[in-house]
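One structure is given below, encoded as structure tokens.
The values are calculated or read from the model by the stated rules, or taken from the named source; none is laboratory data. The shown structure was predicted, so the numbers you read here are calculated from the model rather than taken from an experiment. So basically every Cβ, Gly included, is an ideal-geometry build from the backbone, and we count neighbours across all protein chains shown. Accessible surface is based on the protein model in full, side chains and every heavy atom, while ligands, DNA and RNA are left aside. Shrake-Rupley method; radii C 1.70, N 1.55, O 1.52, S 1.80 Å.
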Amino acid sequence: MNFCPVCSNFLSLENESSQGYRLKCPGCIYYFPLKEMRLTKTFQSKELAPITYPQQNKQITDEQCDKCGCLKAFFWEFQTRGADEQSTISFECISCGHKWKNDR
């Protein structure tokens, strides 16, 4: 991007058929003749962030499963309502995989 040194406007590309292309300021009389014109397009490759699921961040607690009676369960906490509301805790039985949640 080029800007006008006189009034700081963005210079636009203009075709002067006999003289080629030039950059011209729309706000004043400044122009800059181009000797050659080269168009380039650059792309930035972005490394994708890994997707994390609550199951990857689970911790173990003493919570009894209603389905099999196991006394240990994974748990994770997340916000499902407004920021001023209490969070939700989800559980998953270590033994049978049964899932349940407690809204505080």
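The table that follows gives values for the structure above.
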item	result
Of all residues in the range 61-83 being of a type in the set (D, E, K, R) and at pLDDT 85 or above, the one that is farthest from Cys96 (Cα to Cα)	Asp62
The range 27-42, residues that are open to solvent by less than 100 Å² (accessible area, probe 1.4 Å) and in a loop (DSSP other than H, G, I, E, B)	Gly27, Cys28, Tyr30, Leu34, Met37
Members of the range 74-87 found to be open to solvent by 100 Å² or more (accessible area, probe 1.4 Å) and not charged (D, E, K, R), listed by number	Ala83, Gln86
Filter result for the condition that a residue is at pLDDT below 90, touching a strand residue (DSSP E or B) at 6+ places or on another chain (Cβ under 8 Å) and either open to solvent by less than 80 Å² (accessible area, probe 1.4 Å) or in a loop (DSSP other than H, G, I, E, B) (or both), over Ser90, Ser18, Ser95, Ser45	Ser90
